[in-house]
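Read the structure below first, then the notes.
The values are calculated or read from the model by the stated rules, or taken from the named source; none is laboratory data. What you see is a predicted model; the values in this text were computed from it and never measured. Note that each Cβ is placed from the backbone with ideal geometry, even for glycine, and that neighbours are counted across all protein chains shown.
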Amino acid sequence: MDTLVRAFSAPAFRELGYWLFRYRRTWRGSIVISVVNPLLFLAALGLGLGTLVDRDGGAYLRGDSYLEFLLPGLLVAAVMQTTFLEAAGPVMQGVLARGNYRAAASTPLSPADILHGHLMYWTLRAVMNATLFTLVSMLFGAVEASRIPLLVPVAVLVAVAFATPAAAWSVTMTRPSQINSMFRFAILPLYMFSGTFFPIEQLPSWLWPVAWATPLWHGVDLGRTVALGTATPLGTLAHLGYLVAMAVAGLLLARRNYRRRLHV
Amino acid sequence: MAADAPAALIEASSLTKVYERGGGRAGFTAVDGIDFQVRRGEAFGLLGANGAGKSSTMRMIACVSPLTGGGLRVLGHDSVTDGPAIRARLGVVPQDDTIDGELTVRENLLIYGRYFGLSWKVLRERSTRLLEFTRLSDKAGDSVSTLSGGMRRRLTIARALINEPEIVLLDEPTTGLDPQARHLLWERLFQLKEDGVTLLLTTHYMDEAEQLCDRLVVMDAGRIVAEGAPAELIARHTSREVLELRFDRLERQTMTDRCRGLVEHMEELPDRLLLSTDDGEETLGAVHRRGVRPVTALVRRSSLEDVFLKLTGRSLLD
């Protein structure tokens with residue numbers, strides 16, 4: 001409870017204010033990316049590849065089009081990627097000798113305030129990205145409008161679940177190459193093998209447990225079952241539990257690492 | 001000074017900082033149980049070579065570094081429990097400036113001020129005044145990347161003043177600046193002092209310490225080896241004058257040996273020989289009478305540099 005109260009105390013909002021102030025310079029570009037990104041993916045994969053899939057693979061899709069199958073996974077994975085990039089790089093830069101975190105740490109803000117403020121920013125950005133993404137998808141007929149109010153929170157939950165561990169890890173890093181490696185060797189494989197583009201049942205059965213263990217699969221499956229109306233209470237609970245646990249564990253770890261790095 | 005104000009704005013007692021090292025090795029003791037007090041309105045200096053513990057001390061006072069031992073009170077608060085309250089009333093000028101390169105000069109002041117919970121209205125008024133004070137008004141709308149080193153440092157100082165702090169902490173404020181930029185900075189800092197702001201600065205420049213500090217401590221290997229006003233320290237620890245001799249490389253050892261015993265204290269540096277004396281000209285005469293032929297000979301007044309050499313056995317700029 002104390003943590004919750006502190007997270008929403010005024011100092012954390014000052015850090016949020018800082019990132020929003022900086023965002024004023026880049027918001028136009030970021031909105032274009034948020035709209036163009038789904039446009040390209042949905043056009044290429046949904047319409048292009050989807051036509052092939054729908055012709056031969058109807059059995060797997062249980063009557064839905066490939067586009068409808070793809071959209072939730074694509075949304076969750078895209079929001080996760082953007083969040084990782086917005087969390088990892090700026091956190092590492094922030095904590096270096098000339099970074100914003102150093103400046104903020106010399107004001108009344110505590111390391112936890114800085115973390116909470118930045119986390120609010122990532123969350124806000126995830127809401128924006130997920131909303132724009134689903135609105136564009138709606139125009140493609142890839143998602144029913146009535147599912148959007150459920151789908152957006154799922155994407156935001158996944159974003160937060162990735163943001164806190166990413167911040168906890170990045171705050172201890174010192175070189176951009178470390179962030180790039182993480183993106184290349186962890187985030188991209190997750191993207192490919194978490195059921196974003198195809199049901200994991202298409203993989204050899206011994207690989208299924210690996211996919212079940214990955215956080216993105218839980219996010220993708222949660223989003224897909226919600227969007228296609230196939231959610232089961234137990235499955236939904238398991239997915240939610242996994243993602244919430246990951247977000248909380250990441251937050252606790254990040255709080256410890258922020259304190260250690262900023263109050264040396 | 002208000003009657004109920006504490007006598008000292010900063011009080012350190014047995015202040016200790018040990019940095020843990022991994023792998024079960026013994027920690028590194030950066031600050032080794034130091035005591036000092038800083039009074040309201042004075043300019044107080046921490047003087048020492050790199051690695052003497054100045055910056056660690058500074059970071060503890062800024063409440064961004066937990067103490068390993070001892071006690072520290074700043075502005076009447078305990079630094080361990082009241083970090084945010086103390087930081088709200090400090091101005092910090094770090095060695096590596098943390099100016100935001102994505103923002104303009106004025107925006108840097110505004111957004112930093114927001115961290116102190118100040119309103120935009122107050123900040124607009126203060127930023128105008130502080131840019132004037134630091135002679136940056138012409139640059140207000142410019143990108144920070146167009147600023148020279150001296151301007152960046154002045155912007156950092158303007159930013160540190162945005163919350164109207166009672167104490168300003170300056171870590172090596174003029175390191176890396178050209179002489180003209182340094183003098184302008186000193187002049188501004190002197191003005192701040194006149195306005196009643198308490199200054200605490202670290203430096204390894206003797207002239208800076210002599211120019212700016214009312215009182216200072218000399219630090220070496222995490223300890224305080226001397227404390228007092230610059231003139232007082234010079235009077236207490238050195239003679240009135242110093243004779244500096246430089247020799248031809250080949251003759252240096254012979255010539256140095258010939259000078260032994262001439263004065264009570266003699267300092268052998270790699271490039272020169274320093275003889276402490278009350279009358280430099282007379283000592284120079286005595287040197288000549290011993291058949292010593294220096295390449296150059298200079299008589300000067302003793303400085304803090306000599307105090308430092310005498311107390312620590314090494315040069316500040318090593």
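Things to note:
Yes or no, residue by residue, for (1) assigned to a strand (DSSP E or B); (2) basic (Lys, Arg); (3) without any contact (Cβ under 8 Å) to a residue 40 or more places away in the chain:
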position: B:226; (1), (2), (3): yes, no, no
position: B:231; (1), (2), (3): no, no, yes
position: B:239; (1), (2), (3): no, no, no
position: B:252; (1), (2), (3): no, yes, yes
position: B:256; (1), (2), (3): no, no, yes
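- Residue A:144 being farther than 22 Å from residue A:225 by Cα, modelled with pLDDT under 95 and acidic (Asp, Glu): no
Matching residues to (1) crowded, with 20+ Cβ neighbours inside 10 Å; (2) in contact with a strand residue (DSSP E or B) (Cβ under 9 Å, 6 or more places away or on another chain); (3) farther than 27 Å from residue A:54 by Cβ:
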| residue | (1), (2), (3) |
| --- | --- |
| A:153 | no, no, yes |
| A:163 | yes, no, yes |
| A:169 | yes, no, yes |
| A:179 | yes, no, yes |
| A:193 | no, no, no |
| A:196 | yes, no, no |
| A:202 | no, no, no |
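- Residue within the range A:238-257 that is under 18 Å from the mean Cα position of the chain (by Cα) and hydroxyl-bearing (Ser, Thr, Tyr) present: yes
- In the range B:15-65, of all residues being aromatic (Phe, Trp, Tyr) and either within 19 Å of residue B:206 (Cα to Cα) or within 13 Å of chain A (Cβ to nearest Cβ) (or both), the one that is surrounded by the most Cβ atoms within 10 Å (Cβ to Cβ) corresponds to B:44.
- Qualifying residue in the range A:143-156 (condition: of a type in the set (Asp, Glu) and within 14 Å of chain B (Cβ to nearest Cβ)): no
- Residue ranges of helices (runs of 4 or more DSSP H) in the range A:59-155 with at least 1 members over 30 Å from residue B:88 (Cα atoms): A:66-95, A:111-140
- The lone exception for residue A:138 - which of (1) modelled with pLDDT of 95 or more; (2) within 18 Å of residue A:224 (Cβ to Cβ) it fails: (1)
- Flag for residue B:65 being under 18 Å from the mean Cα position of the chain (by Cα) and either of a type outside the set (Asp, Glu) or over 19 Å from residue B:193 (Cα atoms) (or both): no
- Restricting attention to the range B:77-116 and to residues that are at the interface with chain A (Cβ under 7 Å from one of its Cβ atoms) and among the β-branched types (Val, Ile, Thr), the residue that is farthest from residue B:63 (Cα to Cα) turns out to be B:111.
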